[in-house]
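Everything on this sheet refers to the single structure shown next.
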Amino acid sequence: MNFEKCSEENRNKVISVSENRRTFVIKNGDAKLVNKVEVDGCLIDGDRKKCDYLFEIDKPMTLIIYVELKGKDIEHAYDQLAATIGYCKNRHNKLQKQCYIVASRVPKSGPKIQILKQKMAREYKIQMFVHTQKAEIKI
């Protein structure tokens, strides 16, 4: 995996990625160094499961954010995030991580999403967030 080829570092106050009217926004008020990595179509090619983007925060890295911009298949989005975490485990070992799914539609806050959040916490020790259309976080 060639991180350098697929990465873009900056200290912008607002960093965002969009796909099919779904958007993920990082508000970077302290102008931290953010390395935006395009995973799908660059870092990991072929038919393997992978999320859309990941963000490496600070140098040395203090936080990794995995992002999947999805239609409505939350289970598939979970699988894509989990696969990417596995591919990157050597580079991101022992760092704090967060996962975000930004979907076009999210099923009513029923047990399905809660079960997936618990599974992510149990298996990977990572907090997962699910949003509809747009997610905005502050770092």
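The values are calculated or read from the model by the stated rules, or taken from the named source; none is laboratory data. Note that the structure is predicted; figures quoted are calculated from it, not measured. Cβ placement follows ideal geometry from the backbone for every residue including glycine, while neighbour counts extend to all protein chains displayed.
What to note about this one:
- When Glu68, Glu38 are screened for being within 19 Å of Asn10 (Cβ to Cβ), out of contact with any Lys or Arg (no Cβ under 7 Å at 6 or more places or on another chain) and at pLDDT 95 or above, only Glu38 passes.
- Residue in region 18-35 that is touching a helix residue (DSSP H, G or I) at 6+ places or on another chain (Cβ under 7 Å) and of a type in the set (D, E, K, R) present: no
- Of all residues in region 74-102, those that are at pLDDT below 95 and among the aliphatic types (A, V, I, L, M) total 1.
- Which numbered condition Lys49 fails, given (1) out of contact with any helix residue (DSSP H, G or I) (no Cβ under 8 Å at 6 or more places or on another chain); (2) modelled with pLDDT of 95 or more: (1)
- Among residues of region 23-50 being within 17 Å of Lys89 (Cα to Cα) and touching a residue at least 40 places away in the same chain (Cβ under 8 Å), the one that is surrounded by the most Cβ atoms within 10 Å (Cβ to Cβ) is Val39.
- Residues being surrounded by fewer than 18 Cβ atoms within 10 Å (Cβ to Cβ) and not in a loop (DSSP other than H, G, I, E, B) - total across region 119-129: 7
- Residues being in contact with a Leu (Cβ under 8 Å, 6 or more places away or on another chain) and either among the small types (Gly, Ala, Ser) or touching a residue at least 24 places away in the same chain (Cβ under 8 Å) (or both) - total across region 11-22: 5
- Of residues in region 58-110 being touching a helix residue (DSSP H, G or I) at 6+ places or on another chain (Cβ under 7 Å) and aromatic (Phe, Trp, Tyr), the one surrounded by the most Cβ atoms within 10 Å (Cβ to Cβ): Tyr66
- Within region 6-22, considering residues that are surrounded by 14 or more Cβ atoms within 10 Å (Cβ to Cβ) and aliphatic (A, V, I, L, M), the one farthest from Tyr66 (Cα to Cα): Ile15
- Check on Ala83, among the hydrophobic types (A, V, I, L, M, F, W, C) and at positive phi: no
- Positions within region 74-123 being among the charged types (D, E, K, R), over 24 Å from Cys6 (Cβ atoms) and without any contact (Cβ under 8 Å) to a residue 24 or more places away in the chain, in sequence order: Lys108, Lys117, Arg122
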